[in-house]
Amino acid sequence: MNEKITTFLNSGLLEKYLLGETTSVDTEMVESYISKYPEVQNAYNTLQYNLEIVAKSNAVEAPKNILDDILEELDEKPVVNLNTQKKYKSWYKFAVAASIAAFIFAGTSYHFYSQKRKLSQENQIVVEEIFDLRSDIEKNNLMLDNVMRQLLKLNNPETEKYIIKGNERAKDLKTVAYINPKEKTSMIDVVSLPQLPEEQCYQIWADLQGKMVSLGILNEADRQLMSIPYAENALALNITIEPKGGNTIASKENTVAEISLQ
């Protein structure tokens, strides 16, 4: 970079020209330097860019009609084509107005972006709720199908119903067994079970020619119709009190309910 260009760039004329504060003579000289020397052109472009950044960083939210007011004011001041200085002053004012408008537009765009993002998040929540609801409906449909199948089994003419009541040791015990020899299915409905100590439980057995086969443990929490293993040719059903977790051998002395199946 030669000394002439350096002196020009250090004179401050380029900055004044950008702000529209140069005389007509200075304006012609600046424009001559810009057109002749790439270094000056690059410096001018850099100043323009920096001015835009400063204008945006210091901008404040303006009333909605500010751009119209600025343009209206500019319209009231005629621009003389022969006066280059006024031309560039007007250009600068338009540049500032455009910067303010850009800032307002950016703020509005961000607002709409935020609203759109919020709406998108709300839509996602709705989608998830619909998905959960659909899952619940599917689960309920499966439950209803299961209930319907159970009802069909209970209403089957081949299904036999046995009411099992407790003896003196468990007067409030009541269960209902449903056995279908043709389909080889067994279900039991726990109606009520007297409370036992924590270390004990109720266990149901099938009497097969004197051999007691476990059909499972009964809990108060199982107060619903549930399937139990089908025992072919069972003579009776027994309910005993056993240690917690059940037993492998029935404690006949602790029998609290019994019903014959023959």
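Rule-based calculations on the coordinates, nothing more; no lab input. Everything quoted here is computed from the prediction, not taken from an experiment. Please note: Cβ atoms are built from the backbone with ideal geometry, for glycine as well, and neighbour counts cover all protein chains shown.
Summary table below
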item: Nitroxide proxy distance, nm - points 7 Å out along Cα→Cβ at Asn2 and Asn45; result: 2.2
item: Tyr230 versus Met29: modelled label distance in nm, points set 7 Å from Cα along the beta carbon direction; result: 11.2
item: FRET efficiency estimate (nearest 0.05) - Cβ-Cβ, Lys252 to Lys171, R0 25 angstrom; result: 0.80
item: Cβ-based net charge around Pro197, under 14 Å, with every Lys or Arg adding one and every Asp or Glu removing one; result: -2
item: For Ile228, distant residues with modelled amide H under 5 Å away; result: Ser186, Met187, Ile188
item: Local net charge near Ser135, Cβ-Cβ under 13 Å (Lys/Arg +1, Asp/Glu -1); result: -3
item: Under the Karplus curve 6.51 cos²θ - 1.76 cosθ + 1.60, θ = phi - 60°, whole-Hz ³J(HN,Hα) for the stretch 202-219, x wherever Gly or Pro sits; result: 9, 9, 9, 10, 10, 8, 10, 6, x, 9, 8, 10, 5, 10, x, 9, 9, 10
item: Charge sum, other residues only, whose C-beta stays under 13 Å from Met212's C-beta, Lys/Arg counted +1 and Asp/Glu -1; result: -2
item: Förster radius 51 Å - calculated FRET efficiency between Ile217 and Glu129 (Cβ-Cβ, nearest 0.05); result: 0.85
item: Derived scalar couplings ³J(HN,Hα) [the stretch 6-22; Karplus, 6.51 cos²θ - 1.76 cosθ + 1.60; whole Hz; x for Gly, Pro]; result: 4, 4, 5, 5, 7, 6, x, 5, 5, 5, 4, 5, 5, 8, x, 10, 8
item: Exceeding the 22 Å Cα-Cα cut-off - candidates Lys153/Lys252; Lys161/Lys184; Lys139/Lys184; Lys171/Lys252; Lys184/Lys211; Lys174/Lys244; result: Lys153/Lys252; Lys139/Lys184
